[in-house]
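Peer 1: The structure's right below; bear with me while I get my questions together.
Rule-based calculations on the coordinates, nothing more; no lab input. A quick note: this is a predicted structure, and the numbers were derived from the prediction, not measured. With ideal geometry, Cβ positions are generated from the backbone for all residues, glycine too; neighbour counts draw on all protein chains shown.
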Amino acid sequence: MRIRWGLAPRTLAALALVLVAAVGLAAFHFWSVRPQGVRAPETVEAGAAAVAGDPLRAGGADPVPRPVAGAPPSPPPEPAGEIVVDVSGKVHRPGVQRLPAGSRVADALRAAGGVRAGTDVTGLNRARVLMDGEQVAVGLPQAPAVLGAIGGAAGTPGKAGPAAPLSLSVATKEQLETLPGVGPVLAQHIIDHRTENGGFRSVDELRQVNGIGDRRFADLRPLVQP
């Protein structure tokens, strides 16, 4: 009996040590598996909306569109306003026409009532873009080139004149001013007369122009043609 009870305290101590270890292991296991609170993540949509709403934040959209490197330049704006052209010759309503800027010869002919029947328009470029202040002559002979001065009784000292008869129906104001005794005012009277009458049908119509008397007509007659 003594031998048995002598061993009993050590056995009891071992059992107690095992019991403490089991209790500690159970407590650690209970602590590690306890439920924990989890924080909800922020939504992606809310963050993206905040960035898009503030263009000055990093990653936000640029409020001012910038040109892309290497991109072709934008086309120039279309011409605005209007031009004034003089349509003369064989059209139904010759005279000064006001057209939108960028109009072509075909638009001027249409504004003048169209070309008269039987008129040859082969040499007329109807697709050409018109310039402000120019004249469109339809079915009339082309004005000859203005060359040096001519001699003789018809010439005036120091005054240049055409080397060939000048067409009264298509000559420009500058070409008319090369005629002897014709200045800017008289040249404009000639242009106004042909605009109102659709050109010159004969040289004798030059007498009807304001500012041309018998003597001046006699000087101009050999230098011009209808």
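Peer 1: Provide the FRET efficiency to the nearest 0.05 for the T122-A218 pair, computing r from the beta carbons and using R0 = 41 Å.
Peer 2: On the way: r = 37 Å, r/R0 = 0.90.
Working from the Cβ atoms, E equals 0.65.
Peer 1: For a quick check: with amide H placed at 1.01 Å from N, whose amide H comes under 5 Å from V138's, ignoring anything fewer than 5 positions away on the same chain?
Peer 2: Correct list: S88, G89, K90.
Peer 1: How much of the calculated P(r) for segment 176-226 lies past 19 Å, in percent of all Cα pairs?
Peer 2: Details: 156 of 1275 pairs.
Here the long-distance tail beyond 19 Å is 12 percent of all Cα pairs in segment 176-226.
Peer 1: Something else: Read phi for every residue in segment 177-194 and hand back ³J(HN,Hα) as whole Hz from Karplus 6.51 cos²θ - 1.76 cosθ + 1.60, θ = phi - 60°, with x for Gly and Pro.
Peer 2: Whole-Hz 3J(HN,Hα) from phi for segment 177-194: 6, 7, 6, x, x, 10, x, x, 5, 5, 4, 5, 5, 5, 5, 5, 5, 6.
Peer 1: Non-local amide H neighbours of F200 (under 5 Å, H modeled in plane, Pro and chain starts lacking H): which ones?
Peer 2: Amide H neighbours of F200: S169.
Peer 1: What list of ³J(HN,Hα) couplings, whole Hz, do you get for segment 82-92 from phi and the Karplus terms 6.51, -1.76, 1.60, once you set θ to phi - 60° and write x for glycine and proline?
Peer 2: Each residue's phi maps through the Karplus curve to give 9, 10, 10, 10, 10, 9, 10, x, 8, 10, 6 Hz.
Peer 1: Based solely on C-alpha atoms, express the radius of gyration and the Dmax of segment 83-145 in angstrom.
Peer 2: Every Cα atom of segment 83-145 included, Rg and Dmax give 10.8, 31 Å.
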